[in-house]
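Each remark here refers to the structure printed beneath this line.
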Amino acid sequence: MAAALEHEQRGPRRRLVELLHEQGIKDLAVLNAIDKTPRHLFVPTGVRHRAYEDSALPIGNGQTISQPSIHARYLELLKLKGNEKVLEIGTGSGYQTALLSILASQVFSIERIPALLDRARETIRQIGARNISFLLGDGTLGWRQYAPYDAIIVGAGAPEVPSTYHEQVTEGGRILIPLGDREEQTLYMFTRRGDKLEQTEIAPVRFVPLLGKYSWEDL
Ligand code: SAM
């Protein structure tokens, strides 16, 4: 990460980290990643003054950056050790991609909206993260070329787990995905055990729909 950028907005970012800790986030690696990552650069200038509130914010094209406490819980659930290969579906602003790049060794991230991907790519270039590969396309297909992944983390809601994810996750690997209807979902963590996915229900959530061949199809 470019050193000068780590210092910008340090105070508000520290307060956000303290808030997340008070809310029960205990994983120091996750808190450290949030402390290091300049969220204000990942949101449009019109909402930049709100970058360190625990709020979802609009990022254009009808999409949102999730609230920091959601990102923190997602990442805490994955229990990354630092040596994993992770596939992220729904790059959005690229903020979570940046957090993953600190917590894992390689990050592959897919976004279907070109304007969002271009902006995310540019912000990631600015902060200097190098272990990220981006793909413009339908994330419900996964990214077969670099599979299998130790974790697949999905930032949009689907009716069921796309079969491609089961095929592209390692044995014992995890899939974190919101499942439900287009407005409301439940966050699930699945662990691959051979042909089966062991399911753990986490919490009710609200995400934008995952649009693609193996999800809601109306592209
Ligand atoms: N985690 C992101 C961040 O930090 O900004 C926010 C993700 S946003 C809630 C969900 C994203 O999923 C949107 O950018 C949307 O365009 C994207 N998306 C929806 N369906 C997709 C698909 N099939 N493939 C790739 N991206 C998809």
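Which residues, counting only those in the range 1-56, are within 23 Å of Arg121 (Cβ to Cβ), among the polar types (S, T, N, Q) and more than 18 Å from the chain's Cα centre (by Cα)?
Across the range 1-56, the qualifying residues are Gln9, Thr45.
Go through Leu135, Leu197 for me and flag whichever is assigned to a strand (DSSP E or B), within 10 Å of the ligand (Cβ to nearest atom) and out of contact with any Leu (no Cβ under 6 Å at 6 or more places or on another chain).
Of the residues listed, the single one that is assigned to a strand (DSSP E or B), within 10 Å of the ligand (Cβ to nearest atom) and out of contact with any Leu (no Cβ under 6 Å at 6 or more places or on another chain) is Leu135.
Restricted to the range 102-122, and to residues that are under 20 Å from Ala51 (Cα atoms) and under 15 Å from the mean Cα position of the chain (by Cα), which residue is nearest to the ligand (Cβ to nearest atom)?
In this case the residue turns out to be Leu116.
Residues are listed down the side, and each one gets a yes or a no for (1) of a type in the set (A, V, I, L, M); (2) in a loop (DSSP other than H, G, I, E, B); (3) more than 16 Å from the ligand (Cβ to nearest atom):
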residue: Arg15; (1), (2), (3): no, no, yes
residue: His49; (1), (2), (3): no, no, yes
residue: Asp54; (1), (2), (3): no, yes, no
residue: His71; (1), (2), (3): no, no, no
residue: Gly92; (1), (2), (3): no, yes, no
residue: Leu100; (1), (2), (3): yes, no, no
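Yes/no per residue for (1) within 25 Å of Glu183 (Cβ to Cβ); (2) crowded, with 22+ Cβ neighbours inside 10 Å; (3) over 16 Å from the mean Cα position of the chain (by Cα):
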| site | (1), (2), (3) |
| --- | --- |
| Ile124 | no, yes, no |
| Arg130 | no, no, yes |
| Leu135 | no, no, no |
| Gln145 | no, no, yes |
| Ala151 | no, yes, no |
| Gly157 | yes, yes, no |
| Val161 | yes, no, yes |
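Only the coordinates and a few stated rules stand behind these numbers; no lab work does. Please read these numbers as outputs of a predicted model, since none were measured by experiment. Note that we place each Cβ from the backbone using ideal geometry, even for glycine, and neighbour counts take in every protein chain shown.
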